[in-house]
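A short write-up of the structure that comes next.
Read-outs: derived from the displayed coordinates by stated rules, not from any lab. Just so you know, these numbers come straight off a predicted model, no measurement behind them. Don't worry about glycine lacking a Cβ; one is built from the backbone with ideal geometry, like all the others, and counts go over all protein chains shown.
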Amino acid sequence: MTASASDAERAAADLLPDGDVVALLLEQHARIRELFTQVARATGPSRQRAFDDLRSLLAVHEAAEELIVRPVAEKTAGTEEAEARNAEEKEAGEVLKKLEGMDVSSPGFETVLAEFEKAVSEHAGHEEREEFPAIVAQCSVDQRRTMGARLRRAEHLAPTHPHPTAAGSPARLVLTGPFAAMMDEARDAIGR
């Protein structure tokens with residue numbers, strides 16, 4: 001993922017109203033790209049911290065998208081599009097869980113991380129080309145701001161570690177998300 005992609009996402013976000021759900025997601029996509037770069041460049045404990053930040057942001061971001069954005073995208077961009085993004089997020093959760101269990105200094109980690117970064121970039125591209133424009137075109141500014149506020153609330157209740165069994169299913173996320181988030185916080189507090 002390139003810095004220019006991050007810049008483009010931030011520029012697109014700046015064109016949208018404050019609190020707009022699409023603007024918030026574009027900003028997060030830019031931050032995710034930057035974190036991938038940090039993880040790739042860092043070593044030792046710095047790499048672990050950068051990966052932990054990436055893992056946490058991705059887990060929260062994807063869960064919140066599935067709960068808040070995907071139901072609207074199903075109506076605006078179509079069921080097939082929404083289901084494809086949910087399937088990608090489920091697969092991403094499985095890879096993220098695998099990465100979480102690996103030593104960040106191992107060559108295997110770097111290989112899996114590079115493949116994962118490519119998949120996440122493609123996923124973000126689909127959202128930015130297909131879901132987000134449909135939402136902007138078919139939802140009012142007030143609706144998008146309401147979604148943005150709901151997204152932020154959902155992020156506070158979302159798990160910070162991957163939970164592949166709930167990924168791709170908003171219903172499972174609603175039922176397990178707050179409990180998983182609480183368990184993730186406890187896990188983070190006591191360390192890996």
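Annotations
- Bridging of K75 to lysines at a Cα separation below 26 Å is possible for K90, once same-chain residues fewer than 8 apart are set aside.
- Under 17 Å from K97, Cα to Cα: aspartates and glutamates that are on another chain or at least 8 residues apart: D52, D53, E62, E88, E89, E110, E115, E117, D184, E185, D188
- In terms of other Cβ atoms within 10 Å, F109, F36 run from fewest to most in the order F109, F36.
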